[in-house]
Amino acid sequence: MQLVFILEQVLNGLLIGVQYLLIALGLSLIFSLGGIVNLAHGAFYAIGAYLTVLLTPTIGFGGALVASPLVVGVLGLLIERFLLRRFYRGDPTLGLLLTFGLAMVAEQALRMAFGAAPVPFGIPLWLRGQVFIGDLIYSRYRLSILVVALACVAGLWLLLTRTSFGRVVRAGVQNPDMVAALGISLRPYMTAVVTIAVGLAALAGTMMAPVTGVHPAMGAEILTFAFVVVVIGGLGSFWGVVLAALIVGVVRGLTAYAYPPATEAAVYGLMVLVLLLRPRGLFGEHIARFE
């Protein structure tokens, strides 16, 4: 029974990890291609969760699972087109201040619209229940989150490695000047990257709303750990971010079981250890324009 309980904590840790992963992949892509540290990324996670609360009574949770990331993705597209685009070649501090301001505006707007108290939101009836795997009993909804997140990661990997779009994005990450010399404008690609990244954050918010609850500060709370995942995984590394997210999630899950007060300290300790041994992160790449 002890082993089964530990395995359940590992699965819960993986659930936390995929939550970080969907946010961290977008953070890594936006910074690698555009050079902007998007402090507003957590806000899109929160907006996705609130949209799910609003849309579920009308179109059901399944419809909200599709509509919420699409709506937030369009919002991200507009923000990239009219705000972020101005700062790609400018002082990185300006982009940092812009996204910080956007995060503050979004959080306060959610407080004004929905109040500061958490909004109750339960697991949909058709996803309730348990799955029995031998002696292990696990939530059907949590298992569904793991499956959807795995499908998203696989789809994003295929997009970046098996399409012409992905080849241009990867080239733009490594050497945007060379891409420009070939007559290829990175602007539409950056717009697409921001839209996808923001949509993934909203999808994470949609799926985690019944698990973590919905409140205005939920984006700020998760953003710090998403940045930790990016740092541990390494800049520009897709699989580095994936591995880092899963490791961080499992570390949090097992620490919560062994010694709950040290849960957050264990994550930061892991980051320090990785940076001491590998300053670029687990699989950090050499990116010419950041050297």
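Suppose the filter is under 21 Å from the mean Cα position of the chain (by Cα), open to solvent by 40 Å² or more (accessible area, probe 1.4 Å) and under 22 Å from residue 209 (Cβ atoms); does residue 128 pass it?
When the stated conditions are applied, residue 128 does not pass them.
Check whether at least one residue in region 230-239 is among the aromatic types (Phe, Trp, Tyr), more than 23 Å from residue 169 (Cβ to Cβ) and surrounded by fewer than 17 Cβ atoms within 10 Å (Cβ to Cβ), and report yes or no.
No, the conditions are met nowhere in region 230-239.
State all residues of region 147-158 that are open to solvent by 20 Å² or more (accessible area, probe 1.4 Å) and in contact (Cβ under 8 Å) with a residue 12 or more places away in the chain; if no residue qualifies, say none.
148, 150, 152, 157
Go through (1) closer than 26 Å to residue 85 by Cα; (2) out of contact with any His (no Cβ under 9 Å at 6 or more places or on another chain); (3) of a type in the set (Val, Ile, Thr) for residue 198 and report which single condition fails.
Unmet condition: (2).
Mind listing whichever residues of region 109-140 are touching a Pro at 6+ places or on another chain (Cβ under 9 Å), farther than 22 Å from residue 63 by Cβ, outside any loop (DSSP other than H, G, I, E, B) and touching a residue at least 24 places away in the same chain (Cβ under 8 Å)?
111
Can you tell me which residue in region 81-101 is farthest from residue 194 (Cα to Cα), limited to those that are aromatic (Phe, Trp, Tyr) and surrounded by 14 or more Cβ atoms within 10 Å (Cβ to Cβ)?
Across region 81-101, the extreme among qualifying residues is 100.
Pairs only if they're at least six apart or on different chains, beta carbon under 6 angstrom, first in region 236-259 and over 16 Å from residue 271 (Cβ atoms), second at pLDDT below 95 and open to solvent by 60 Å² or more (accessible area, probe 1.4 Å); list them, first residue then second.
Pairs that qualify, where the first residue is over 16 Å from residue 271 (Cβ atoms) and the partner is at pLDDT below 95 and open to solvent by 60 Å² or more (accessible area, probe 1.4 Å), are 236/285.
If you scan region 34-75, which residues turn out to be among the β-branched types (Val, Ile, Thr), assigned to a helix (DSSP H, G or I) and in contact (Cβ under 8 Å) with a residue 24 or more places away in the chain?
47, 52, 53, 56, 71, 72, 74
Residue by residue, here is whether (1) without any contact (Cβ under 8 Å) to a residue 40 or more places away in the chain; (2) surrounded by fewer than 21 Cβ atoms within 10 Å (Cβ to Cβ); (3) not in a helix (DSSP H, G or I) holds:
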{"position": "160", "(1), (2), (3)": "no, yes, no"}
{"position": "167", "(1), (2), (3)": "yes, yes, no"}
{"position": "183", "(1), (2), (3)": "yes, yes, yes"}
{"position": "191", "(1), (2), (3)": "no, yes, no"}
{"position": "197", "(1), (2), (3)": "no, no, no"}
{"position": "200", "(1), (2), (3)": "no, no, no"}
{"position": "203", "(1), (2), (3)": "no, no, no"}
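Given the options 137, 123, name the one that is among the β-branched types (Val, Ile, Thr) and surrounded by 12 or more Cβ atoms within 10 Å (Cβ to Cβ).
None of the other options fit; the residue is 123.
Out of 3, 78, 29, report the one residue that is in contact (Cβ under 8 Å) with a residue 40 or more places away in the chain, open to solvent by 10 Å² or more (accessible area, probe 1.4 Å) and either part of a helix (DSSP H, G or I) or in contact with a helix residue (DSSP H, G or I) (Cβ under 9 Å, 6 or more places away or on another chain) (or both).
29
The values are calculated or read from the model by the stated rules, or taken from the named source; none is laboratory data. These numbers were taken from a predicted model, which means no experiment stands behind them. Using ideal geometry, Cβ is built from the backbone for each residue, glycine included, and neighbour counts are taken over all protein chains shown. These area figures cover heavy atoms from the full protein model, side chains too; ligands, DNA and RNA do not enter into them. Shrake-Rupley method; radii C 1.70, N 1.55, O 1.52, S 1.80 Å.
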